[in-house]
1. Show the residue pairs that are 6+ apart or on different chains and have beta-carbon atoms under 6 Å apart, the first residue being within the stretch 76-88 and farther than 13 Å from F52 by Cα, the second being small (G, A, S) and assigned to a helix (DSSP H, G or I).
2. Among the residues of the stretch 18-35, what is the count of those that are in a strand (DSSP E or B) and in contact (Cβ under 8 Å) with a residue 60 or more places away in the chain?
3. Can you name the residue in the stretch 127-139 that is within 16 Å of W107 (Cα to Cα) and touching a residue at least 12 places away in the same chain (Cβ under 8 Å) and is also surrounded by the fewest Cβ atoms within 10 Å (Cβ to Cβ) among such residues?
4. Go through (1) crowded, with 18+ Cβ neighbours inside 10 Å; (2) under 30 Å from R29 (Cα atoms); (3) not aliphatic (A, V, I, L, M) for D247 and report which single condition fails.
5. Which members of the stretch 75-108 meet the condition of being at pLDDT below 95 and open to solvent by 20 Å² or more (accessible area, probe 1.4 Å)?
6. Among the residues of the stretch 187-198 satisfying the criterion of being in contact with a Gly (Cβ under 9 Å, 6 or more places away or on another chain) and either over 18 Å from L145 (Cβ atoms) or among the acidic types (D, E) (or both), which is most open to solvent (accessible area, probe 1.4 Å)?
7. If a residue must be over 25 Å from K192 (Cα atoms), open to solvent by 70 Å² or more (accessible area, probe 1.4 Å) and assigned to a loop (DSSP other than H, G, I, E, B), how many such residues does the stretch 1-12 contain?
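The values are calculated or read from the model by the stated rules, or taken from the named source; none is laboratory data. Here the structure is a predicted model, which is why all the values come from computation and not from measurement. Counting neighbours? That spans all protein chains shown, and the Cβs are built from the backbone with ideal geometry, glycine included. The area values use the complete protein model at the heavy-atom level, side chains included, leaving out ligands, DNA and RNA. Shrake-Rupley method; radii C 1.70, N 1.55, O 1.52, S 1.80 Å.
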Amino acid sequence: ARMTRLIEHRGPDNDDFYIKPNIMLSHRRLSILDLSKDANQPMTDDEITIVFNGEIYNYIEIKDELERDHNIQFKTNSDTEVIIKSYKVWGESCVEKFNGMFAFVLWDSSKSEIYFARDRLGVKPFYYYEDLEGTVFLASDIKSLWEVQSLENNLNYSAIRNNLANGFFRTNETSTNAVHKLPPGNHGICNKDGIKLSQYWDLHSVSKQKISYNDAISQTEELIKDSIKLRLRSDVPLGTFLSGGIDSSLVTAIASQESGNPLNTFSIGLDDKRFDESKYAYQVARKYGTTHHHTYL
């Protein structure tokens, strides 16, 4: 309960627990898809129980495939249930189907083991810690693990120096020697024999192709539009962070055209005019008719 309270700000809409011999799961929910209580977590379906952070953007396509080709029945309209059903059909290879940002833990009571995974680029965080007695703790926020693991005499000074110098921790490092990050594109199994990790994707494994400059432009535009359209699936109002730069302006432009509803945009201006791009954010907001929210820092 203490571990879960520490991340209350990450999920203000609901909290719940799943407690059985040798396994405890808890979850704080921020409702995006299927706002009903049926989609709350931990979610249990027969022998499988899940806690999940993130979003599977192509959940509708996967759900259609499971219904059509495998005669799977669904009780909710949530992407959480899609993960459970996908695991039942495809096992550990289910992650290869997912287009999204995610970190999830699946407890399979029939095998007495946990299957867990993190998205390809590590957008969603995933931390783990194993104590001297062999108890494994998994969390989406490192603060939760500080509740069970003392920082005293356990700081990873090499990792901290690298973070201060370069602005990031290396692949599986954190500020302590005991807590580790699950690397991006990795999944794993946790059972009585401990933790076993494996990599299901990395950037270098992506197939390369030689295409013309014009085809590259066309394909890039198609991919950008497709990725933004997938992210517009929501049961709550949508918005974009709009700095006035190229990236956020492009996302805002396409989202405004594809959503069909007025878009909320949010930007932060700086008192130091040398670095303030507020005027560009306002220009984009006016051009696409967004409801613009601006704050000066």
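1. Listed pairs, sorted by first residue: T76/A39.
2. Step one: filter the stretch 18-35 for residues in a strand (DSSP E or B), giving 18-20, 23-29.
Now drop any that are not in contact (Cβ under 8 Å) with a residue 60 or more places away in the chain, which leaves 18, 20, 23, 25.
Residues that pass the stated criteria total 4.
3. Looking only at the stretch 127-139, we keep the residues that are within 16 Å of W107 (Cα to Cα), and these are 128, 135-139.
Pick out the ones that are also touching a residue at least 12 places away in the same chain (Cβ under 8 Å) and you get 128, 136-139.
On the way: Y128: 21, V136: 14, F137: 18, L138: 21, A139: 26.
Taking the candidates together, the pick is V136.
4. In the conditions (1) crowded, with 18+ Cβ neighbours inside 10 Å; (2) under 30 Å from R29 (Cα atoms); (3) not aliphatic (A, V, I, L, M), D247 misses (1) alone.
5. Within the stretch 75-108, K75, N77 meet the criteria.
6. So the first thing to find is which residues in the stretch 187-198 are in contact with a Gly (Cβ under 9 Å, 6 or more places away or on another chain), and the list is 192, 194-198.
After this cut, where a residue has to be either over 18 Å from L145 (Cβ atoms) or among the acidic types (D, E) (or both) as well, the list is 192, 196, 198.
Working: K192: 186, K196: 152, S198: 51 Å².
Looking at the filtered set, the residue picked out is K192.
7. Going through the stretch 1-12 one residue at a time, the tally reaches 1.
Rundown of residues vs (1) free of Cβ contacts under 8 Å to residues at least 40 places away in the same chain; (2) under 30 Å from K111 (Cβ atoms); (3) not hydrophobic (A, V, I, L, M, F, W, C), yes/no style:
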position: G188; (1), (2), (3): no, yes, yes
position: K210; (1), (2), (3): yes, no, yes
position: T252; (1), (2), (3): yes, no, yes
position: S256; (1), (2), (3): yes, no, yes
position: S267; (1), (2), (3): yes, no, yes
position: D271; (1), (2), (3): yes, no, yes
position: F275; (1), (2), (3): yes, no, no
position: A285; (1), (2), (3): no, no, no
position: Y296; (1), (2), (3): yes, no, yes
